[in-house]
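Asks: Quick one: this structure, given as structure tokens, is what I'll be asking you about.
The values are calculated or read from the model by the stated rules, or taken from the named source; none is laboratory data. Small disclaimer: the values here were computed from a predicted structure and weren't measured. Here the Cβ is made from the backbone with ideal geometry for all residues, glycine too, and neighbour counts use every protein chain on show.
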Amino acid sequence: MARASDQSKTTEHKVAEYTTLSPLLQAMCKEFQELSRKKPDGQVGPTKVKMVNRLLKAIHQILEGEPSRSYLDDLNEDDLPQNSDVVLILSQTEAAMDAFRTRYYRLNGARYDWTI
């Protein structure tokens, strides 16, 4: 078992960004899941695509250098996606954010804390 000093660490900036963006990602994912249930092949408008991509780009910066980063994509703004496509991309991103938390948020003595 690796000692605490041997474990991976992240930065305070990434933790602050994670703390800000994670709830936004969860809310956006929930909204698109609802839309997808009603109209899975409904096309997403350009304004929503830009909003999703703005969030994804910020999250991709947090995940830069993480193993899952190379599997995450933005939405194509020229070829508007369907609701189900957005749900897939947001779900993958949410899983990558969960992996980030699992990797860097650990039991430190008697309490959990970020490894910075």
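Asks: Under 6 Å between Cβ atoms, at least 6 apart or on separate chains: pull out the pairs that start in the range 25-52 with a residue that is more than 15 Å from SER91 (Cα to Cα) and at pLDDT 95 or above and end on any residue that is surrounded by 18 or more Cβ atoms within 10 Å (Cβ to Cβ) and not polar (S, T, N, Q).
Replies: Note: pairs meeting the criteria are VAL44/PRO81; VAL44/VAL86; VAL49/LEU75.
Asks: Against the definition (surrounded by fewer than 17 Cβ atoms within 10 Å (Cβ to Cβ), under 19 Å from ASP98 (Cα atoms) and of a type outside the set (Ser, Thr, Tyr)), how does LEU24 come out, yes or no?
Replies: Details: surrounded by fewer than 17 Cβ atoms within 10 Å (Cβ to Cβ): yes; under 19 Å from ASP98 (Cα atoms): yes; of a type outside the set (Ser, Thr, Tyr): yes.
For LEU24, the condition - surrounded by fewer than 17 Cβ atoms within 10 Å (Cβ to Cβ), under 19 Å from ASP98 (Cα atoms) and of a type outside the set (Ser, Thr, Tyr) - is met.
Asks: Test SER8 against the criterion of being closer than 24 Å to ASP113 by Cβ, in contact (Cβ under 8 Å) with a residue 12 or more places away in the chain, exposed (fewer than 12 other Cβ atoms within 10 Å of the Cβ) and not aromatic (Phe, Trp, Tyr), and give yes or no. So that I can check it myself, show each step before the final result.
Replies: Working: closer than 24 Å to ASP113 by Cβ: yes; in contact (Cβ under 8 Å) with a residue 12 or more places away in the chain: yes; exposed (fewer than 12 other Cβ atoms within 10 Å of the Cβ): yes; not aromatic (Phe, Trp, Tyr): yes.
When the stated conditions are applied, SER8 passes them.
Asks: Evaluate the following for LYS38: is it touching a strand residue (DSSP E or B) at 6+ places or on another chain (Cβ under 9 Å) and of a type in the set (Lys, Arg)? Can you show your working first?
Replies: Details: touching a strand residue (DSSP E or B) at 6+ places or on another chain (Cβ under 9 Å): no; of a type in the set (Lys, Arg): yes.
No: the conditions fail for LYS38.
Asks: Determine which single condition ALA16 fails, assuming it passes every other condition in (1) in a helix (DSSP H, G or I); (2) closer than 30 Å to ASN108 by Cα; (3) within 12 Å of the chain's Cα centre (by Cα); (4) not basic (Lys, Arg).
Replies: Tallying (1) in a helix (DSSP H, G or I); (2) closer than 30 Å to ASN108 by Cα; (3) within 12 Å of the chain's Cα centre (by Cα); (4) not basic (Lys, Arg), ALA16 fails exactly one: (3).
Asks: Do you know which residues across the range 38-64 are of a type in the set (A, V, I, L, M, F, W, C) and outside any loop (DSSP other than H, G, I, E, B)?
Replies: Here is the first cut: in the range 38-64, the residues of a type in the set (A, V, I, L, M, F, W, C) are 44, 49, 51-52, 55-56, 58-59, 62-63.
Once the filter is applied, which keeps residues that are of a type in the set (A, V, I, L, M, F, W, C) and outside any loop (DSSP other than H, G, I, E, B), the range 38-64 yields VAL49, MET51, VAL52, LEU55, LEU56, ALA58, ILE59, ILE62.
Asks: Moving on to the next point. Restricting the search to the range 65-116, which residues are in contact with a strand residue (DSSP E or B) (Cβ under 7 Å, 6 or more places away or on another chain), of a type in the set (Phe, Trp, Tyr) and either surrounded by fewer than 16 Cβ atoms within 10 Å (Cβ to Cβ) or part of a loop (DSSP other than H, G, I, E, B) (or both)?
Replies: TYR105, TYR112
Asks: Can you tell me which residue within the range 71-87, out of those that are touching a Pro at 6+ places or on another chain (Cβ under 9 Å) and free of Cβ contacts under 8 Å to residues at least 40 places away in the same chain, is farthest from GLU31 (Cα to Cα)? Talk me through it step by step, then tell me what you get.
Replies: Within the range 71-87, the subset touching a Pro at 6+ places or on another chain (Cβ under 9 Å) is 75, 77, 80, 82-84, 87.
Then drop every residue that is not free of Cβ contacts under 8 Å to residues at least 40 places away in the same chain, which leaves 75, 77, 80.
On the way: LEU75: 16, GLU77: 19, LEU80: 18 Å.
Going through the qualifying residues, I end up with GLU77.
Asks: While we're here: Can you pull out the residues in the range 42-82 that are closer than 30 Å to LYS9 by Cα and hydroxyl-bearing (Ser, Thr, Tyr)?
Replies: SER68, SER70, TYR71
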